[in-house]
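A.B. asks: Dumping the structure here so I can ask a few things about it.
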Amino acid sequence: MNSTSDLQQQVRKVVEMKAIVKRFPGVLASDRVDFELQEGEIHALLGENGAGKSTLMNILAGLYKADSGSIKVNGKLVTFSSPKDAIAAGIGMIHQHFMLVPSQTVTENILLGLSKPRFIMDLKNYDQKIIELGEKFGLPVDPKAKIWQLSVGEQQRVEILKMLYRGANVLIMDEPTAVLAPQEIDILFSTLKNMVAMGKSVIFISHKLHEVQKISDRLTVLRKGKITAGGVSAEGKSRADLARLMVGREVIFSLDKKLSIPGKVVLRIEDVHCLNDKNLKALNGVEFEVRSGEIVGLAGVAGNGQKELADVLTGLRHCLEGKIIIQGENIANMDAKAGIRHGVSHIPEDRTHVGTAPNLSVTDNVIMKNYTKKPIARGWMLDNPSADKYARELKDLYDIVVPSVNTPVRLLSGGNLQRVILAREISSEPTFMVAMQPTRGLDVGAIEGVQKLLLLQRDAGAAILLISEELEELISLSDRIFVIYEGEIMGEVTDGDVEKIGLMMTGTRQEQLEKMEAQYEN
Amino acid sequence: MKTDSAGNLRRRTILPFRIKFEERISDVPKWYPFMISFGAVVVALLIGAIILLLGGGNPWLTYAHIARASFGSIGVFSDTLVKAIPLIFVGLACSVAFRMKLWNIGAEGQFFMGAFAASAVVLIPILPETAPKWLFIIVMAAAGMLGGALYGFIPGILKARFNVNEVISTLMLNYIAVAWNNYFIFAIWTEAGFQMTKVFPQNAWLPRLTDLGSEIPFFRGLTTHFGLVLAVIAAIIVWLILYKSRWGYEIRLIGDNPKAATYAGIPIKKHIVWVMMLSGALAGMAGMSEISGVVHRLQGAISPGYGFTGIIVAWLAKLNPFAVIFVSILFGALILAGREIQPSGVPKMIQGVILVCLIASDFLIRYRISIVRQGAEA
Amino acid sequence: MNLLIILQAGVATGTVLLFATLGGIFNERSGIMNLGLEGMMLIGAMTAFSVTAKTGLPWLGLVLAMLAAGLLSQIHAFITITLQADQVVSGLSLTFLGTGISLVFGEGLSKAGVISLLPVFSIPLLSQIPILGKIFFDNQSILVYLGYVMVPLCWWYINRTRPGLHLRAVGEYPAAADALGINVYGLRYFYVFVGGLFAGLSGATISLAISPGWFSELTTGGQGWIAIGLIIFSQWNPFRALFGAYVFGALRRLILDIQGPALLFGFANPFYYNPYYGFFLQMLPYAFTILVLVIGSKDAIRKRLGAPAALGIPYIRGQRGI
């Protein structure tokens, strides 16, 4: 930003990390990694899930301590033993899961952990300061609002303000776009550009190639804890180049997908209303159908009712109004058993907390849905040998890497855990499947495997509702896509038009879009 | 799940080494938890000795006394078994409930209600005094279990319907049960104004070994009663339920992750009520066996805190029904010998220390601990 | 049976519950549930009584009682915060341990006889206010007055000060607090200690002021558990705790007094004619606690007011979620 200086060596290095090693039990998360950040740049840190991006940045933010290696900030050697030290050195991290206390106000959250005011919280005075800071950087917030009342985008603004208030010069943003709609992403990007222009530096962690191309000045790519490209210019790199650096081999961007042949209607939901965990309206009159042999995608920004819809469909959430008809029976407000009886299977978003019982064995986890059926059930008894046999079959079929089927699943890796769930849900030969973020947190190879399995199910005649925040995945897998916004279906997209989906994701209805198009044509 | 659990200990930089905790990522061998528990008990006894010393007692004499007074002869061992019987039932009651992470602290109250209901069979009377022994035992056992089960139903339904914390509700119900019992032994069934009922007819007594004394002289004077057989049967049934049945699978699933259980279509609320009732029935059975096998009447002081000791028994047995039997014998010894020990709080104190050490020792099962030299990890 | 006296005694007796509940509010606000209240109160009551009996210095007894209970609470802190064990079981074990230790050290104390107690006095002017003056400011122990001061002070501390802000953050979202350099583990240890101090104060209030003496386990008689019920009822708000504690205090006194008169509201008093009905009266506080929990839980659901979000969950740095 210092005008037109051609002298690259004069660009100040804000952060230099050298030969960082960090080992977790069983994983080498960071293997002699070097990283450099220059003043006034947006530096993307690219890599698959589990490549070690977050670990590296958590070390820089003082949350983890590296096993070995050195960190220099503004040329001075530093050791951080807590995030506080990092912040004092001007490094602030904005985590993917916001670190905000929901029951406290914006101001309270921003002042958390500081030493001023020392004792009595004179909030009125500070509310004003927060407003001023927000105006300076173009981040408007209501300082008196409680965090839980704010939208995700607003919460992100609070997070950024929190770091700016602490005088952070380096902002680490961990997958900041994962929770935003395309239009909100544009706003975020212009805010980031604005901040860089004011002398801040930004590290942008992502695994989304197009975003990285759009926003970053330079980029560093990690694969399995190692650097595959360090601080290269983002210009002139094609997506295929980046993908190869990330994955280590060619990636095919299209799936081999047959044309779907939709059959009879398996699921029909009519006018469904429900509340979320905070007792606020989460679904507001949702209606659609899913036919056998098709994958219907549900797009939307996180928190617009997708989770609640999945819950309602699988009997985990009370439905205020409306019907959920599966194979002719209304199963609204019955428990999960009713759905299971009709062959509903469910890949939940939260694998460890909902999908599995961590301290129980692989066997106990795979029989969760069919322990009442023969041969695993024998009257009121459970036939343990045949349950184990069944588990061993699934283990071989789905490549679950585990020493024995009696191992507790908490010892399994993320990918293996997902395979346990998939094995259980698919082996029941579902008529209708709700798959929520089925590929989240998996590496590319595993993602392909899961996607193929889903397509296989579709071709075998299952009706699938795919809920995902990854638009690319939705478009490539789904036969048609509904868009949900604030608990209402905005419309249906059959041609995979990203722009249309994006507009609907921010609350434009299909009818409005069509009207606008018509006007435009006139 | 990557953890850096050393977080809180990281600040200890004064020492040349630091203690490093890592979450275990592989299974531990089967014997390992037992060794840890055993070690915890040893440490607990050492700590107990220190407290005794501070309290002005002589720990060595106290421990020696406990050993002699409970295992010293076949006669006292028989008495130890008698004390172990209610502990087995109550330990099983707690094991079942704890397996579902349902903190039934109300075994004491359910014990009293079981004793009350079993006594009612004799005292109302439901059966005439001349009824045959087998009938008495069956009806009294059924009544005892029913009494305990109904008393377990209350906190169960309160938790299922109103989400009332079962720890507090079951505890409150303990106090209520004692007052309830007191009312009956003071006001209704009192014998000549004393705070106890009349002695039950012999037919309402559980058979004892000494009853066989005329045929087998060895059994003469031995107080161990038929309740022991019932307790072992109960342990087998509980084992079958927990590890071999569909219901047991459901209980374990709910205990480990209620969300996963809901997701699998298991009605948790219904299970809360049923498991509380099963737990209550087992505790009620403890009350019945104590009334019918030992005290032979209903009175105020029928439990030296069996219901609470059962919690420790269950925990030490790692909720395994068969281990409950052995652990119960150890604690039966402590209770038996404890009656004569001064100061009188010693058994309670030792129980407390054992439980504290046990809970602390679980950490060693979940984590691997190593000592790392400070320089090695700069 | 005099309503004024019942209320006056209710405030006095309720002070025991009030202190225990306030302490519980602090440690639960920091995310640690401590079911060991009963044990800590017993330790407090025993220490206060025994020190005072030996030295004749009730204030020294009070201070040592608080420290002893505080010390005991640190066992719970170590097990639940550092060793990350289940808070329910650890709290229970603390009750066993506290009860056992206080029985061992309290052996023979019940024969200690009369000891010097903390001062009891009326507050001039305020005690002249009709009705309220009699209930709150007439002939009360200094600890009762301390209760009046503590409640607003605690509320203000929790809601209006920086340490209070940090306390709430640690109990709601420890990871967020940790990321901002707040020492989650340290604060949790500290507030468990504060809870212990209050429990010790509560126990000392029994043995040095409200019902002086040492009656082994009956000294507390389950009040620690009632206090845990009150914490939930109070929704972690000191003012609601005050209300609940005094109501319970008054109930205890009412149970004693109701057996006195032959006539009750012009009818024959059943409790007078059949003293055994007193056993049913004895059940009342416990039954009432359950009732309070039922009401409290429904209330909490209705108002979307929950416990501190991280209550009962050990914080492990680096693990996702709360």
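A.B. asks: So if I place +1 on the C-beta of Lys and Arg and -1 on the C-beta of Asp and Glu, and nothing else carries charge, what would the dipole magnitude of region A:283-330 be about its Cα centre? I want it in debye, nearest 20.
C.D. replies: Roughly 100 debye for region A:283-330.
A.B. asks: Once Lys and Arg get +1 and Asp and Glu get -1 on their Cβ, which of C:Val88, C:Tyr157, C:Gly195 lies farthest toward the positive end of the dipole of chain C?
C.D. replies: With unit charges placed on the Cβ atoms, the residue in question is C:Tyr157.
A.B. asks: If exposed means no more than 13 neighbouring beta carbons inside 10 Å and the site is in a DSSP loop, what's the longest run of chain B without any exposed GluC sites (Glu not before Pro)?
C.D. replies: That would be B:1-128.
A.B. asks: Continuing with this model, one more query. Using θ = phi - 60° and the Karplus form 6.51 cos²θ - 1.76 cosθ + 1.60, what ³J(HN,Hα) does each residue of region C:13-25 get, whole Hz, x for Gly and Pro?
C.D. replies: 5, x, 4, 4, 5, 4, 4, 4, 5, 4, x, x, 4
A.B. asks: Moving to a separate point now. Compute the relative contact order of region C:104-244 as a whole-number percentage, counting only Cα pairs closer than 8 Å that sit 6 or more residues apart in sequence. Before the final figure, lay out each step's value.
C.D. replies: Numbers: 93 pairs, mean separation 35.8, N = 141.
Worked out over region C:104-244, it gives 25 percent.
A.B. asks: Separation between the A:Glu517 and B:Glu215 pseudo-spin-labels, each 7 Å from Cα along Cα→Cβ, expressed in nm?
C.D. replies: 9.4 nm
A.B. asks: Do the sum for chain C: with -39,500 (n - 2.57) for every DSSP H run of n ≥ 4, divided by all residues, what is the mean residue ellipticity at 222 nm, to the nearest 500 deg cm²/dmol?
C.D. replies: -21500 deg cm²/dmol
A.B. asks: With respect to the cross-link table entries A:Lys337/A:Lys395; A:Lys53/A:Lys208; B:Lys30/B:Lys318, which display a Cα-Cα separation exceeding 20 Å?
C.D. replies: A:Lys337/A:Lys395
A.B. asks: I would also like to ask the following. If you take the beta carbon distance between B:Leu54 and B:Ser344 as r and set R0 to 22 Å, what does 1/(1 + (r/R0)^6) give as a FRET efficiency, to the nearest 0.05? List each step's numbers first, then the result.
C.D. replies: Details: r = 17 Å, r/R0 = 0.76.
The calculated FRET efficiency here is 0.85.
A.B. asks: Under the rule of at least 5 residues apart or a separate chain, name every residue whose amide H is placed under 5 Å from the amide H of C:Met33.
C.D. replies: Distant-sequence amide H within range of C:Met33: C:Gly312.
A.B. asks: Compare the Cα positions of A:Ala234, B:Val178, C:Leu230 along the charge dipole of the protein assembly as shown (+1 at Cβ of Lys, Arg; -1 at Cβ of Asp, Glu; about the Cα centre) and return the one farthest towards the positive end.
C.D. replies: The Cα lying farthest towards the positive end belongs to B:Val178.
A.B. asks: Related question: Measure out, as a whole number of angstrom, how far apart the alpha-carbon centroids of region C:185-233 and region B:307-336 sit.
C.D. replies: The two parts, judged by their Cα centres, are 29 Å apart.
A.B. asks: Using only atoms on other chains, find how many Cβ atoms lie within 10 Å of each Cβ of peptide C:240-252 and report the average. Let's see the in-between values first.
C.D. replies: Numbers: counts 0, 0, 0, 0, 0, 0, 0, 0, 0, 0, 0, 0, 0.
Mean shielding by partner chains, rounded to a whole number: 0.
A.B. asks: Treat every Asp and Glu Cβ in region A:407-522 as -1 and every Lys and Arg Cβ as +1, leave all other atoms uncharged, and give the resulting dipole magnitude about the Cα centre to the nearest 20 debye.
C.D. replies: 700 debye
A.B. asks: Return the sequence-ordered ³J(HN,Hα) values of region B:163-171 in whole Hz as given by the Karplus equation 6.51 cos²θ - 1.76 cosθ + 1.60 applied to θ = phi - 60°, using x for Gly and Pro.
C.D. replies: In residue order, the calculated couplings are 6, 7, 3, 6, 4, 6, 5, 5, 5 Hz.
A.B. asks: At 7 Å along Cα-to-Cβ for each site, give me the label-to-label distance between B:Lys133 and A:Lys76 in nm.
C.D. replies: Here the modelled spin labels are 8.9 nm apart.
A.B. asks: Okay, moving on. Give me, ordered by chain and number, the residues 5 or more places off A:Cys319 or on other chains with an amide H under 5 Å from its own placed amide H.
C.D. replies: So A:Cys319 has HN proximity to A:Asn333.
A.B. asks: Please compute the net charge surrounding C:Thr13, taking Lys and Arg as +1 and Asp and Glu as -1 over other residues with Cβ under 14 Å from its Cβ.
C.D. replies: Neighbourhood net charge equals +1.
A.B. asks: With a cut-off of 8 Å between alpha carbons and a minimum separation of six or more residues, what is the relative contact order of region C:113-157 in percent?
C.D. replies: Working: 28 pairs, mean separation 15.7, N = 45.
So the answer I get is 35 percent.
A.B. asks: Continuing with the same structure: Apply 1/(1 + (r/R0)^6) to the Cβ-Cβ distance of B:Ile126 and B:Val232, taking R0 = 22 Å, and write down the FRET efficiency to the nearest 0.05.
C.D. replies: Approximately 0.20, to the nearest 0.05.
A.B. asks: Could you work out how much longer the chain between A:Lys323 and A:Asp85 gets when fully extended? Use 0.36 nm per residue separation minus the Cα distance between them, nm to one decimal. Spell out each step's value before the answer.
C.D. replies: Values: separation 238, 0.36 × 238 = 85.68 nm, distance 5.47 nm.
Separation in residues times 0.36 nm, less the Cα-Cα distance, equals 80.2 nm.
A.B. asks: In addition: To make sure I understand, if each residue's beta carbon is the centre and we count other beta carbons within 10 Å, what order do C:Leu230, A:Leu63 fall in, fewest to most?
C.D. replies: By the 10 Å Cβ count, ascending, the order reads A:Leu63, C:Leu230.
A.B. asks: Give me the net charge for the shell around A:Val493: Cβ to Cβ below 13 angstrom, other residues only, Lys and Arg +1, Asp and Glu -1.
C.D. replies: Net charge in that neighbourhood comes out at -3.
A.B. asks: Shifting gears a bit: What pairs from A:Lys22/A:Lys162; A:Lys323/B:Lys270; A:Lys226/B:Lys259; A:Lys224/B:Lys101 go past 32 Å between their alpha carbons?
C.D. replies: From A:Lys22/A:Lys162; A:Lys323/B:Lys270; A:Lys226/B:Lys259; A:Lys224/B:Lys101, over 32 Å: A:Lys226/B:Lys259; A:Lys224/B:Lys101.
A.B. asks: Ok, one more. For A:Ile489, list long-range residues whose amide hydrogen, built 1.01 Å from N in the peptide plane, is under 5 Å from its own amide hydrogen.
C.D. replies: Those qualifying (amide H under 5 Å, at least 5 residues apart or on another chain) are A:Glu287.
A.B. asks: Starting from the Cα of A:Lys515, draw a straight line to each of the lysines and keep only those under 26 Å, dropping any in the same chain fewer than 8 residues away.
C.D. replies: A:Lys515 reaches A:Lys500.
A.B. asks: GluC sites (Glu not before Pro) within region A:203-303: which are DSSP loop residues with at most 15 other Cβ atoms inside 10 Å? Don't skip to the end; give the middle numbers.
C.D. replies: Numbers: sites: A:Glu211, A:Glu235, A:Glu250, A:Glu270, A:Glu287, A:Glu289, A:Glu294; in loops: A:Glu235, A:Glu250, A:Glu294.
Taking region A:203-303 and a limit of 15 other Cβ atoms within 10 Å, the loop GluC sites (Glu not before Pro) found are A:Glu235, A:Glu250.
A.B. asks: Report ³J(HN,Hα) in whole Hz for each residue of region A:154-170, in order, from the Karplus equation J = 6.51 cos²θ - 1.76 cosθ + 1.60 where θ = phi - 60°; Gly and Pro get x.
C.D. replies: For region A:154-170, the Karplus-derived couplings read 5, 4, 5, 4, 4, 4, 5, 4, 4, 6, 5, 4, 7, x, 5, 9, 10 Hz, x marking Gly and Pro.
A.B. asks: Considering only DSSP states other than H, G, I, E and B, which chymotrypsin sites (Phe, Trp or Tyr not before Pro) in region A:59-129 qualify as loop sites with at most 12 other Cβ atoms within 10 Å?
C.D. replies: Listed in order of number, the matching sites are A:Phe119.
A.B. asks: Over region C:197-290, what is the mean sequence separation of C-alpha contacts under 8 Å (at least six apart), divided by residue count, expressed as relative contact order in percent?
C.D. replies: Relative contact order for region C:197-290 comes out at 19 percent.
A.B. asks: Any idea what the dipole of the protein assembly as shown comes to, in debye rounded to 20, about its Cα centre with Lys/Arg Cβ at +1 and Asp/Glu Cβ at -1?
C.D. replies: On the way: 111 positive and 94 negative charges, 535 e Å.
In debye, rounded to 20, the protein assembly as shown gives about 2560.
All of the numbers you see were taken from the coordinates with simple rules; none came from a lab. No experiment lies behind these values; they were computed from the predicted model shown. A quick note on method: Cβ atoms are made from the backbone with ideal geometry, for glycine too, and the neighbour counts reach across all protein chains shown.
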